Each structure stands twice: as structure tokens, then as C-alpha cells.
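Report on one structure; see the data block that follows.
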Amino acid sequence: MKISPSLLAADFLNLSSEIEKINASEADFLHLDVMDGVFVPNISFGFPVLKGVAKVCKKPLDVHMMTVEPEKWISHVRDLGAAIMNVHQEACLHLYSTVQHIHEAGMMAGVTLNPATPVETMTDIIQDLDLVLLMSVEPGFGGQPFINHTLEKVKKLKTLRDGSGSKAMIEVDGGVNDKTGALLAAAGADVLVAGSYVFGNPNMNEAILSLKNL
Ligand code: DX5
Ligand code: ZN
């Protein structure tokens, strides 16, 4: 299992030491939640902050755009040196073009689905994706309870992915802890995002390893 700790749950007054802990951990990525107050009812951090984060972070960056018109930000995300850019299906009118533009910018392309968006909406694009990110809470806030129906979505998406020959990773975001993580691992998830569970643990690497070894 790959683990992508979400910086949203970090201590923002001590960001560099929080990132040093991630650098020293077994995490596979650092998950960065960009919110615009329009697509989701919250605002997190923007590119001036992320530039600083990118300078000190040694893990590949997994950027989750919770904004309208995410295609406007492709060059900004590329300039961070991000490995993955995730855009919401619900925010992209021309999803195919957006995915192509992310690839042209040299990044892996991920498409994110809100809890009520069916995985079948990926049928005609999964062959072009590097990742599908399933939200297991409504996007916008950390610390929310896991929506159990996500387990069914992971299973359906895995069947869809395997049947299409796509190599897209299945990532899940929201309410992930050791218990929900174990259920997600059994359902077929490849990457787990965890905010409060990782940053809320005095021993971050212990929390990361408890998910990684699922
Ligand atoms: C929510 C964000 C998540 C959030 C997860 O909109 O996309 O990445 O940080 O937080 P937890 O793990 O606390 O549910
Ligand atoms: Zn996220």
C-alpha cells in the first residue's frame, strides 16, 4: 500500500518541521489540498505557500485541486515540480483535454470523484489516467467520518480498471485510519490519503507504517 499524508492536518505554524518529519518517514507522497472557496466551502492554501513546501519536501507531490476550472492551474502545479495533479470530474467540462494538458505538462493525471459521482463516469477515460481518486468524505474538510459506500466504489472501480487494461492507481481520501484502511486494502485500494490519522499521531511514521503494512 502506498501512503499519501495530507498536509491539511499539519501544524501550519511549524510547516517546515512537519515536512521534515514526512521526509524522514516511509510516506510515498505528500498530498496537498488546494481549495478555492467555490468548488468547496473552504479555503486552504495557495501557490505562494506551496512553493515553500515544494522546496523542502523530498517526497513526490500529490496535488488535489478542489477548485473550479482546475485547468487554469496546470502550469502552476507543474512549476511546483508535482508528480501528480488531481482534478475533480465534477469541475471539468472537457475532462479529456484537461487530462491531455496535465500529461503535456509532464505530470501524472488523476481524476477525483465526489462521494455521489459514480465510478462508471470513468469508463471512457480510465485508459488515459494514471490515477483515480475516490473521495470517501465530501471534499473541503479534514476529520470527517468515512463513508462506507466507498468500499463498493473501490471494488467496482477495480473491476472497471482491470477490465480496461488501464494501470491507473486507485487512491482514497477522507476518514482513513487503521480500521477503514484495512477495509480499503481488502477492497483493492492502491494509495491511501490520511490527514488527521497521520498528523494527529505523535509518532507520524508509526501511523504511516500501520497503513503501509495493510
Ligand atoms: C478533504 C481533503 C482530504 C483531507 C483528509 O477535502 O481532500 O485530503 O485532508 O483528511 P482526513 O484524513 O482527516 O479525513
Ligand atoms: Zn485531498
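The values are calculated or read from the model by the stated rules, or taken from the named source; none is laboratory data. Everything numeric in this text was worked out from a predicted model, so none of it was measured. Counting neighbours? That spans all protein chains shown, and the Cβs are built from the backbone with ideal geometry, glycine included. Quick note on the areas: whole protein, heavy atoms, side chains included, nothing else; ligands and nucleic acids left out. Shrake-Rupley method; radii C 1.70, N 1.55, O 1.52, S 1.80 Å.
Return the only residue of V49, V40, V68 being farther than 19 Å from S196 by Cβ, in a loop (DSSP other than H, G, I, E, B) and of a type in the set (A, V, I, L, M).
V68
Do we find a residue being more than 18 Å from the chain's Cα centre (by Cα) and either under 24 Å from E26 (Cβ atoms) or in contact (Cβ under 8 Å) with a residue 60 or more places away in the chain (or both) anywhere in the range 145-152?
No: the range 145-152 contains no residue that is more than 18 Å from the chain's Cα centre (by Cα) and either under 24 Å from E26 (Cβ atoms) or in contact (Cβ under 8 Å) with a residue 60 or more places away in the chain (or both).
When you scan the range 146-167, how many residues do you find that are open to solvent by 90 Å² or more (accessible area, probe 1.4 Å) and of a type in the set (S, T, N, Q)?
Summing the residues that are open to solvent by 90 Å² or more (accessible area, probe 1.4 Å) and of a type in the set (S, T, N, Q) in the range 146-167 gives 2.
Scanning for something surrounded by fewer than 15 Cβ atoms within 10 Å (Cβ to Cβ), more than 17 Å from the chain's Cα centre (by Cα) and free of Cβ contacts under 8 Å to residues at least 24 places away in the same chain, does the range 88-95 turn up at least one residue?
Yes, the range 88-95 has at least one match.
With the condition kept exactly as written, say whether any residue in the range 34-46 is touching a Lys or Arg at 6+ places or on another chain (Cβ under 6 Å) and away from ligand 2 (no atom under 14 Å from the Cβ).
Within the range 34-46, not a single residue is touching a Lys or Arg at 6+ places or on another chain (Cβ under 6 Å) and away from ligand 2 (no atom under 14 Å from the Cβ).
Is there a residue in the range 41-49 that is away from ligand 1 (no atom under 16 Å from the Cβ) and open to solvent by less than 50 Å² (accessible area, probe 1.4 Å)? Don't jump to the end; show me each part of the working.
Step one: list which residues in the range 41-49 are away from ligand 1 (no atom under 16 Å from the Cβ), which gives 47-48.
Keeping just the survivors that are open to solvent by less than 50 Å² (accessible area, probe 1.4 Å) gives 47.
Checked the range 41-49: at least one residue is away from ligand 1 (no atom under 16 Å from the Cβ) and open to solvent by less than 50 Å² (accessible area, probe 1.4 Å).
Tally up the residues in the range 114-134 that are within 22 Å of Y197 (Cβ to Cβ), in contact with a helix residue (DSSP H, G or I) (Cβ under 8 Å, 6 or more places away or on another chain) and not β-branched (V, I, T), please. Before the answer, list the steps.
Quick first cut of the range 114-134, residues within 22 Å of Y197 (Cβ to Cβ) only: 114-115, 131-134.
Now narrow it down to the ones that are in contact with a helix residue (DSSP H, G or I) (Cβ under 8 Å, 6 or more places away or on another chain): 114-115, 132, 134.
In the following step, the residues that additionally are not β-branched (V, I, T) were identified as 114-115, 134.
Here the count works out to 3.
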